[in-house]
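Contents: one structure, followed by commentary.
All of the numbers you see were taken from the coordinates with simple rules; none came from a lab. Because the structure is a prediction, the values reported are computed rather than measured. A quick note on method: Cβ atoms are made from the backbone with ideal geometry, for glycine too, and the neighbour counts reach across all protein chains shown.
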Amino acid sequence: MKLIIFRHGEAGQARTDFERCLTPRGHQQVAAMSQAKYSELDQACAFASPYIRAQQTLTEIAQHCSLSQQHTLPIITPDDSPEAVIQWLSEQDESSFPLLLVSHQPMVSRLISLLVKGDYQGYYPMSTASMAVMEADVWAKGLAELTSLNHADDLV
C-alpha cells in the first residue's frame with residue numbers, strides 16, 4: 001500500500017497559526033511538485049489538515065492531479081500525535097490506498113521516522129512542498145519503506 005506525505009507550501013504570517021495562507025511562492029512550489037509527481041499523486045485519496053495552508057495546498061494539488069477523493073483529517077495538525085495517525089492508517093481499508101496526507105512540520109518528519117525507523121531518531125527533512133512516498137504491507141512502527149523523498153526547492 002502506498003502512502004504519500006506532502007508538506008504544505010510556503011505560508012505567510014497571520015494572526016493565528018491556523019489562519020496562515022500560502023504565499024504566491026507557496027502556490028508555485030505546490031504546483032511544481034504536483035506536476036513533477038503527477039504519476040504518484042493521480043487517483044490518490046487525499047486528506048488534509050484543517051489548517052488553511054494545508055487546505056490551500058490540497059486545492060492546488062487537485063488543480064494538477066485527479067484525486068479520487070478529498071477530505072479534512074483533524075488529527076494531522078502540527079501538534080498532533082504521529083502514533084494516532086499510524087493507528088488511523090492501520091484502520092483504513094486497503095482499497096483506500098494510495099493515500100495522500102497534506103500536513104505540517106513537525107508532524108510530517110516525525111511520522112516518516114516512526115513509520116520507517118520505528119522511533120523518532122530518523123532524519124527526514126521536509127521543507128515546504130516536500131513530498132515523501134512510502135510503501136508498506138501493514139501500517140505500523142518501523143514497517144514502511146521510504147521509496148522517494150522530493151523537495152520543491154529542487155524544482156523551482
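Using 0.36 nm times the number of residues separating residue 96 and residue 25, minus their current alpha carbon distance, what extension gain do you get?
Additional length available on full extension: 22.4 nm.
Which order do 15, 20 fall in if you start with the one that has the fewest other Cβ atoms within 10 Å?
Taking fewest neighbouring Cβ atoms as first place, the list is 15, 20.
Would you calculate, for the chain, the mean residue ellipticity at 222 nm contributed by helices, counting each DSSP H stretch of 4 or more residues as -39,500 (n - 2.57) and dividing by all residues, to the nearest 500? All intermediate terms of the calculation are to be shown ahead of the outcome.
Working: 5 runs with 49 residues, N = 156.
For the chain, the value works out to -9000 deg cm²/dmol.
Full-extension gain between residue 140 and residue 42, please, as 0.36 nm times their residue separation minus the C-alpha to C-alpha distance.
Contour length minus Cα-Cα distance gives 32.8 nm.
Cα centroids of segment 1-37 and segment 84-102: how far apart, whole angstrom?
21
In what sequence do 88, 139 fall when counting other Cβ within 10 Å, fewest first?
So the ranking, lowest neighbour count to highest, is 88, 139.
Measure nothing fancy, just the Cα-based angle from helix 24-36's long axis to the longest principal axis of the chain, in degrees from 0 to 90, nearest 10.
For helix 24-36, the angle is close to 50 degrees.
Take 86, 5 and order them by how many other Cβ atoms sit within 10 Å, fewest up front.
With the fewest neighbours first, 86, 5 line up as 86, 5.
Taking 7 Å along the Cα-to-C-beta vector as the label spot, tell me the residue 66-residue 83 distance in nanometres, rounded to one decimal.
Computed distance between label sites residue 66 and residue 83 equals 4.1 nm.
Extent of the chain along each principal axis, from alpha carbon coordinates, in Å, largest to smallest?
That gives 38, 31, 28 Å along the principal axes, largest extent first.
Please determine, in degrees from 0 to 90 and to the nearest 10, the orientation of helix 52-64 with respect to the longest principal axis defined by the Cα atoms of the chain, where the helix direction is its Cα long axis.
The two axes meet at around 90 degrees.
Check cross-link reach from residue 141 to the lysines: straight Cα distance under 22 Å, and skip same-chain residues fewer than eight apart.
Reachable lysines: 2, 117.
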